[in-house]
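Notes follow once the structure below has been shown.
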Amino acid sequence: MARFSSMDDRCAVLNLSRLHLDDMNLEHIVDSKRKQIQQLHLAYNRLSLLPPSVCLLSNLEYLDISDNGITLIPEDFIRLTNIKTLVAKNNLLDESSFPKDFACMQMETLNLSGNRFGDVPMQFLKLTKLQSLSLGANRLKSIPPEIENLTCLEMLYLGGNLISSIPPELANLTCLKYLVLCDNRIQSIPPQLNRLHSLLSLSLHNNLLTFLPREILSLVHLQELSLRGNPLVVRFIKDMTYNPPSLLELSGRTIKSHNLLYLTNDLPSNLIHYLNLASECPNPKCAGVYFDSCVRHIKFVDFCGKYRLPLMHYLCSPQCSSPCSSNPQSEAESEDENSVPPDRLQRVLLG
């Protein structure tokens, strides 16, 4: 039996969930009543298609069609110009299920977890007002660089997919507060994520991470970091694999470290570009730079006075690497540890 409850004189919720429906028709509802409906719940039925009469609800703002067998969202769906939230968890939707003009909608929340998406539909990447996107438990193998177009996004849930890498463009989502990438196949975190200055929670558990970028210390508002289920190194490791710098790099290091002045007319454009790629050595006792040749150096930093996280450093030469020490409070480590305020990272979940 349909449950139609008035919320006030102007809007109403129509609840048709758990009625074993395989079809439905809302045309019998008088037009004045249809215009009042702002929320429609159709979860836990037997629908394979979104009933066309849903598109008659001109003032609909919230639609829940979760736990059905829906494979297609009809073209007429774009007539719902007021809809802001679509919840369609646990259906049979994929990247071909949505209208081409879906990108023109004013959607703010999309929850499509538990479907069959192999790629993020391009229409979704043009929803400029989208604040929350959930595509967990799908079949995604990658995150498209165009994710950066969702500039209003505050929550991105991509847990339970087949993702192996994170594009640096994700760092352009400056409003992002919650990023869930757990239960994937991610092996490394791009250092560019340090630009996510609004980030409060980062879920990375059950991936293939062995270290974190040292730039994660720049996430000044981060309160929760979940890392359990990763093959994080459990003892001090230092990789001294080091390819000697080329003559080009040695020349570039000399110019940058000695602050030698040059004009754009002095050097070919490709050399100017190369010099602009110089990275400063993070060793506070070294004023050097590096380009392509560097030492990968993992060391632990203490968080919350309890957990020691492995952070990756890229140093300009083996001489910059502090000697391996059994003392967990070595000078090099404590410098980084002291830079972490005591109120940072309220929850670090490793176990």
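The values are calculated or read from the model by the stated rules, or taken from the named source; none is laboratory data. Predicted model, so just to flag it, every value in this text is computed and none were measured. Reconstructed Cβ throughout: ideal geometry from the backbone, glycine too, with neighbour counts over all protein chains shown. Note: accessible area is taken over every heavy atom of the protein model, side chains too, but ligands, DNA and RNA are not part of it. Shrake-Rupley method; radii C 1.70, N 1.55, O 1.52, S 1.80 Å.
The conditions are (1) under 9 Å from the mean Cα position of the chain (by Cα); (2) in contact (Cβ under 8 Å) with a residue 24 or more places away in the chain, and Leu176 fails exactly one of them. Which is it?
(2)
Only residues in the range 108-127 that are polar (S, T, N, Q) count as the first member; pair them with residues that are part of a loop (DSSP other than H, G, I, E, B) and open to solvent by less than 20 Å² (accessible area, probe 1.4 Å), Cβ under 6 angstrom, at least 6 apart or cross-chain, and list the lot.
Ser113/Gly136; Asn115/Asn91; Asn115/Leu93; Asn115/Asn138; Gln123/Phe98
Could you count how many residues in the range 100-147 are open to solvent by 30 Å² or more (accessible area, probe 1.4 Å), part of a helix (DSSP H, G or I) and in contact with a Leu (Cβ under 7 Å, 6 or more places away or on another chain)?
1
Can you tell me which residues in the range 183-196 are open to solvent by 50 Å² or more (accessible area, probe 1.4 Å) and either closer than 19 Å to Pro145 by Cα or not in a loop (DSSP other than H, G, I, E, B) (or both)?
In the first step, residues of the range 183-196 are kept if they are open to solvent by 50 Å² or more (accessible area, probe 1.4 Å); the result is 183, 185, 187-188, 191-192, 195.
Listed by number, the residues that qualify are Arg185, Gln187, Ser188, Pro191, Gln192, Arg195.
Examine the range 43-53 for a residue that is touching an Asp or Glu at 6+ places or on another chain (Cβ under 6 Å) and among the polar types (S, T, N, Q), and state whether such a residue exists.
yes
Restricting attention to the range 197-209, which residues are polar (S, T, N, Q) and either open to solvent by 20 Å² or more (accessible area, probe 1.4 Å) or within 12 Å of the chain's Cα centre (by Cα) (or both)? Outline the logic, then answer.
Looking only at the range 197-209, we keep the residues that are polar (S, T, N, Q), and these are 198, 201, 203, 206-207.
Those that are polar (S, T, N, Q) and either open to solvent by 20 Å² or more (accessible area, probe 1.4 Å) or within 12 Å of the chain's Cα centre (by Cα) (or both): Ser198, Ser201, Ser203, Asn206.
Would the range 83-98 turn up any residue that is farther than 26 Å from Gly159 by Cα, touching a residue at least 12 places away in the same chain (Cβ under 8 Å) and either among the acidic types (Asp, Glu) or assigned to a loop (DSSP other than H, G, I, E, B) (or both)?
Applying the first criterion (farther than 26 Å from Gly159 by Cα) to the range 83-98 yields none.
No, the range 83-98 contains no residue that is farther than 26 Å from Gly159 by Cα, touching a residue at least 12 places away in the same chain (Cβ under 8 Å) and either among the acidic types (Asp, Glu) or assigned to a loop (DSSP other than H, G, I, E, B) (or both).
Just need a number here: residues in the range 162-181 that are open to solvent by 10 Å² or more (accessible area, probe 1.4 Å) and assigned to a loop (DSSP other than H, G, I, E, B).
From the range 162-181, those open to solvent by 10 Å² or more (accessible area, probe 1.4 Å) are 162, 164-169, 172, 174-175, 177-178, 180; that's our starting set.
Applying the additional criterion that residues be assigned to a loop (DSSP other than H, G, I, E, B) yields 162, 164-167, 174-175, 177.
Counting residues in the range 162-181 that are open to solvent by 10 Å² or more (accessible area, probe 1.4 Å) and assigned to a loop (DSSP other than H, G, I, E, B) gives 8.
Could you list, ordered by first residue, the pairs with Cβ atoms under 6 Å in which the first is in the range 252-277 and farther than 23 Å from Cys294 by Cβ and the second is open to solvent by 50 Å² or more (accessible area, probe 1.4 Å) and modelled with pLDDT of 85 or more, at least 6 apart or interchain?
That search, which allows pairs on different chains as well, returns nothing.
Looking at Ser97, Ser66, which is the one that is surrounded by 19 or more Cβ atoms within 10 Å (Cβ to Cβ), closer than 21 Å to Asn149 by Cβ and small (Gly, Ala, Ser)?
Numbers: Ser66 fails: closer than 21 Å to Asn149 by Cβ.
None of the other options fit; the residue is Ser97.
Yes/no matrix, rows are residues, columns are (1) over 23 Å from Ala12 (Cβ atoms); (2) touching a Gly at 6+ places or on another chain (Cβ under 9 Å):
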{"residue": "Ser53", "(1), (2)": "no, no"}
{"residue": "Leu72", "(1), (2)": "yes, no"}
{"residue": "Ile83", "(1), (2)": "no, no"}
{"residue": "Asn91", "(1), (2)": "yes, yes"}
{"residue": "Phe102", "(1), (2)": "yes, no"}
{"residue": "Phe117", "(1), (2)": "yes, no"}
{"residue": "Phe124", "(1), (2)": "yes, no"}
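Could you check the range 35-63 and list, in sequence order, the residues that are within 18 Å of Pro99 (Cβ to Cβ), in a loop (DSSP other than H, G, I, E, B) and open to solvent by 10 Å² or more (accessible area, probe 1.4 Å)?
Listed by number, the residues that qualify are Ser48, Ser58.
Mind checking which residues of the range 25-34 are buried (at least 16 other Cβ atoms within 10 Å of the Cβ) and either more than 24 Å from Gln106 (Cβ to Cβ) or without any contact (Cβ under 8 Å) to a residue 12 or more places away in the chain (or both)?
The first filter runs over the range 25-34 and keeps only residues buried (at least 16 other Cβ atoms within 10 Å of the Cβ), leaving 26, 29, 34.
Selection gives Ile29 alone.
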